[in-house]
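Take a look at the structure set out below.
The values are calculated or read from the model by the stated rules, or taken from the named source; none is laboratory data. Predicted model, so just to flag it, every value in this text is computed and none were measured. Positions of Cβ are backbone-derived with ideal geometry, glycine not excepted, and every protein chain shown enters the neighbour counts.
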Amino acid sequence: MLITGASAGIGAALAREYAGRGWNLIVTARRTERLEALKAEIEAVFEVKVECVTADLMADGAVDMMLAEIKGKGLTVDGLINNAGYGHPGLFLDSSWEEHDKFNRLMVDVVVEATRKLLPGMVERGYGRVMNVASLAGHLPGSKGHTLYAAVKAYLLKFSQSLNVEMEGTGVYVSALCPGFVITEFHDVNGTREGINQLPSYMTMSAAECARLAADALEANKDVFIPGKVNRTIARLGRFLPQSRVKSMLRKRSESYRNTGEN
């Protein structure tokens, strides 16, 4: 199982979960020391092998370099979890095109490129698992400060759904994982730690629980999976309530959840 963005958060939790299910792992991220620590932790507990590949997937040619290193190690990839990503808070016009371009590269282009280059081998072998980490945000109307984040997550939903249909009968399953409020360092990076700490416990979930539910959903061949009853209810309300009401609710939540109304 190749897991991108595996050094922390949901990515690291998915690595632990799949190791517990007997998968050998290839973990990749920018922070080598974090990957090595995760490797040591997992191999001390589970009878699996963990290979570390340090990669900055926003760099030009990064996917090809990552796959070349994996091939050079003589490894075969039967599972792919596209998890690498980050939040980009702030209004659309407050960021440069270069910042937006870099964000889109990692969140969309890298996912599609890695999937396209690994999928033929899975189809040929008659077995494969692909998980694209999207978000509950992809199910909801757009809101202030979420312009690209919600958009790329909605893209991953449709990409995963369509690809899963195309893979019918091949032994390859494709699923979009759509977590809601999962407690990780993601919230420290995008400035939402204070807001998520104020949420009631029934609205949040640990990364370990999210990973367990996500792995079960992928094995059940669910093309889109939202972990948690509360999150699924929120997604349904987003579809069926009047859009003006949903937007008003999201606006209020965004202003209380984030550090400032601008984010």
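Quick notes on this structure:
- Of all residues in segment 136-160, those satisfying the criterion of being at pLDDT below 95 and not aliphatic (A, V, I, L, M) are Gly138, His139, Pro141, Gly142, Ser143, Lys144, Gly145, His146, Thr147, Tyr149.
- Of all residues in segment 1-11, exactly one satisfies the criterion of being small (Gly, Ala, Ser), surrounded by 23 or more Cβ atoms within 10 Å (Cβ to Cβ) and touching a Lys or Arg at 6+ places or on another chain (Cβ under 8 Å), namely Ser7.
- Residue within segment 124-134 that is surrounded by fewer than 21 Cβ atoms within 10 Å (Cβ to Cβ), at pLDDT 95 or above and over 21 Å from Tyr18 (Cβ atoms) present: yes
- Residue check, Val152 touching a residue at least 40 places away in the same chain (Cβ under 8 Å), under 15 Å from the mean Cα position of the chain (by Cα) and surrounded by fewer than 19 Cβ atoms within 10 Å (Cβ to Cβ): no
- Considering segment 13-42, the residues that are in contact with a Ser or Thr (Cβ under 6 Å, 6 or more places away or on another chain) and not in a loop (DSSP other than H, G, I, E, B) include one that is surrounded by the most Cβ atoms within 10 Å (Cβ to Cβ), namely Thr28.
- Of all the listed residues (Val50, Val110, Val77), the sole one being within 16 Å of Ala151 (Cα to Cα), in contact with a helix residue (DSSP H, G or I) (Cβ under 7 Å, 6 or more places away or on another chain) and crowded, with 18+ Cβ neighbours inside 10 Å is Val110.
- Selected residue (criterion: surrounded by the fewest Cβ atoms within 10 Å (Cβ to Cβ)) from residues of segment 91-107 that are in contact (Cβ under 8 Å) with a residue 12 or more places away in the chain and among the aromatic types (Phe, Trp, Tyr): Phe92
- Top-ranked residue in segment 161-187 [being part of a loop (DSSP other than H, G, I, E, B) and at pLDDT below 95; ranked as surrounded by the most Cβ atoms within 10 Å (Cβ to Cβ)]: Gly180
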